[in-house]
1. Got at least one residue in segment 191-203 being closer than 22 Å to L278 by Cβ and modelled with pLDDT of 95 or more?
2. Which number in (1) assigned to a helix (DSSP H, G or I); (2) over 21 Å from the mean Cα position of the chain (by Cα); (3) not basic (K, R) marks the one condition that W120 misses?
3. Check A264, A300, A305, A272 and return the single one that is out of contact with any Pro (no Cβ under 7 Å at 6 or more places or on another chain), without any contact (Cβ under 8 Å) to a residue 60 or more places away in the chain, assigned to a loop (DSSP other than H, G, I, E, B) and away from the ligand (no atom under 16 Å from the Cβ).
4. Could you say whether any residue in segment 152-174 is part of a strand (DSSP E or B), more than 14 Å from the ligand (Cβ to nearest atom) and either over 26 Å from the mean Cα position of the chain (by Cα) or at pLDDT below 95 (or both)?
5. Looking at P213, P251, can you tell me which residue is open to solvent by less than 70 Å² (accessible area, probe 1.4 Å), more than 16 Å from the ligand (Cβ to nearest atom) and within 19 Å of L277 (Cβ to Cβ)?
6. Quick check on my filter: what residues within segment 186-209 are within 16 Å of the ligand (Cβ to nearest atom) and assigned to a strand (DSSP E or B)?
7. Could you list, in sequence order, all residues of segment 385-421 that are part of a helix (DSSP H, G or I) and either surrounded by fewer than 20 Cβ atoms within 10 Å (Cβ to Cβ) or modelled with pLDDT under 95 (or both)?
8. For segment 145-191, name all the residues that are within 30 Å of W120 (Cα to Cα) and either open to solvent by less than 20 Å² (accessible area, probe 1.4 Å) or acidic (D, E) (or both).
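The values are calculated or read from the model by the stated rules, or taken from the named source; none is laboratory data. Please read all numbers here as calculations on a predicted model, not as lab measurements. With ideal geometry, Cβ positions are generated from the backbone for all residues, glycine too; neighbour counts draw on all protein chains shown. Please note that ligands, DNA and RNA were not included when accessible areas were found on the heavy atoms of the full protein model with its side chains. Shrake-Rupley method; radii C 1.70, N 1.55, O 1.52, S 1.80 Å.
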Amino acid sequence: MSQTDYEVLVIGAGVAGICQIKKLKDMGVTALVLEASDGLGGTWYNNRYPGCRFDSESYTYGFKFSRDLLDEWHWKEMFSPQPENLKYLNFVADKFDLHQHIRLNAAVAQMEWNERARIWTVTLKDGDELTSRFVITCTGALGTPTMPSYEGMDEFEGPSFHSYYWPHEPLDLSGKRVGIIGTGASGIQIIADIADKVGALTVFQRRPNWSVPLNNRDITEAEMADIRQRYEEIFAVCAQSNGGFDHLPDPRVYENVSIDERRALWDALYDAPGFALLLANFRETFLEAEPNRDLSDYVAERIRARVNDPQVAEKLIPRDHGFGMRRMPMETGYFEAYNRDNVRLVSLLDTPIERITKTGLQTSEESFDFDLLVYATGFDVMTGAFDKIDIRGADGQRLKEKWQGSPTTYLGVMVNGFPNMLMVAGPQSVSGSTNYPRAIEVCVDWIGALLEHARTADLSRLEADVDAEATWTQEVIDMQEAMPFSKVKSWFTGFNANVQAANAAPRYIAYWGGAPRYTKILNRVASEGFRDINMD
Ligand code: NA7
């Protein structure tokens, strides 16, 4: 076998990369993580915008691979903020001595498979070249920001940036006139956080999103002690939940429950932490049209009760999709922000942006002046990070070309034609559709078992079978098509208006069969000796 610099190169030192390198280190594999940024943490390193925090319960987001780690770390809030999350990831890297296996400022430009030598050659943007037997991509789901293409964007004279590039150094907002475009999860967190800190805030909303209270609060020492006692129980619930969260659906049948009882449940869930109203509700409210309409009407009512101006309230209520049919942003005081005199909502459905100007922007009706302009306009989700790297597999095939339209994968972890490339939280895995770290740990363990299998049997080339890939991709398509949101345009269905044409076919970027089913499939494949993977 040809010599390589490393047995494994890992791309990305976010949540997935940190988990993966810990596993490889434990296995005694020579491995290096290549990280483009100048710090580890991925999403939690890069996103520094005000209000950035988890909307998974913090204690379900941490790694579960080490009991010591669970015992030592104190999550201070139910939904931990970005600075604390970054501190946690550094704590993990310190504790397990991972920094020495991570190379920062190492953006990968290209990776090329050498069939004869059975190695990957990975070229960095600075020209450095490294070789490895395996490459594991841990490039994340939402790390490739997308900008709109309005005329005049270069002309704005004040600071303007995507939410992902919010400056790392403190930004004084007091007295500033701020414009923000986009009301997804990032926009909604920013708006609620800065409304009382800026001089004036104008929100440019295209399609409104359903959003409900996060109901965040501090976690006391005593509560944390209790959580530590119950970690096993909590993770067992996450493993049963389709979304990998600490919420299970109400087992009752919707039509057997009186309107008053439904209302009582919804009132309780509206005030409960996190995704409760979505995930601890009756199954039918997500899966069936009429229950979903009832729940949407209920949430619309709650929005009307929180927003003083009825016209503004109506603009904040989605009409083009039911509750839960797009990735739901969670909020803290978001709707109340519109009751402030210094906050204004502009619906781009009524008055579209015509251009960005030197001093602000121009809609079809009005001209606005700003000191600062924020684009909270989303990401090229799941496949964007892969497209940025020139990945050439067997016979020089380019991954970007293979994935044109929509990706195809085997279990979201391998791709036919790209031997020895493994993906954690890749397209068509369950990561995009669930509580991210829960799915990551399952995937990292599975990859560990596969590499162990290859090592024991002295195998140097692993490639997903072409038919097995087609079968998996069809399962991914079938699962998505069976989802009530399959016809709704959002990143769930692989759509981003800044990347895809308005009439583009849906893309199949995540597995919607649920975390328990996905885990079961991975476990079965492993127990059957990975027979859909051609190995020699
Ligand atoms: P999202 O959820 O993709 O939201 C992007 C927002 O930006 C959404 O409101 C879009 O409106 C809006 N947008 C995008 N392009 C434009 C243009 N050209 N003009 C006006 N408005 C635009 O991204 P986030 O960063 O908020 O959240 C991403 C994920 O991060 C989130 O789901 C969590 O998983 C964490 P549209 O809906 O397209 O009309």
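1. yes
2. Among (1) assigned to a helix (DSSP H, G or I); (2) over 21 Å from the mean Cα position of the chain (by Cα); (3) not basic (K, R), the lone unmet condition for W120 is (1).
3. Values: A264 fails: assigned to a loop (DSSP other than H, G, I, E, B); A300 fails: assigned to a loop (DSSP other than H, G, I, E, B); A305 fails: assigned to a loop (DSSP other than H, G, I, E, B).
Residue meeting the stated conditions: A272.
4. No.
5. Residue meeting the stated conditions: P213.
6. Keep residues of segment 186-209 that are within 16 Å of the ligand (Cβ to nearest atom), which gives 186-194, 201-209.
Within segment 186-209, L201, T202, V203, F204, Q205 meet the criteria.
7. Result: D387, A394, D395, G396, K400, E401, K402.
8. Passing the criteria: only T146.
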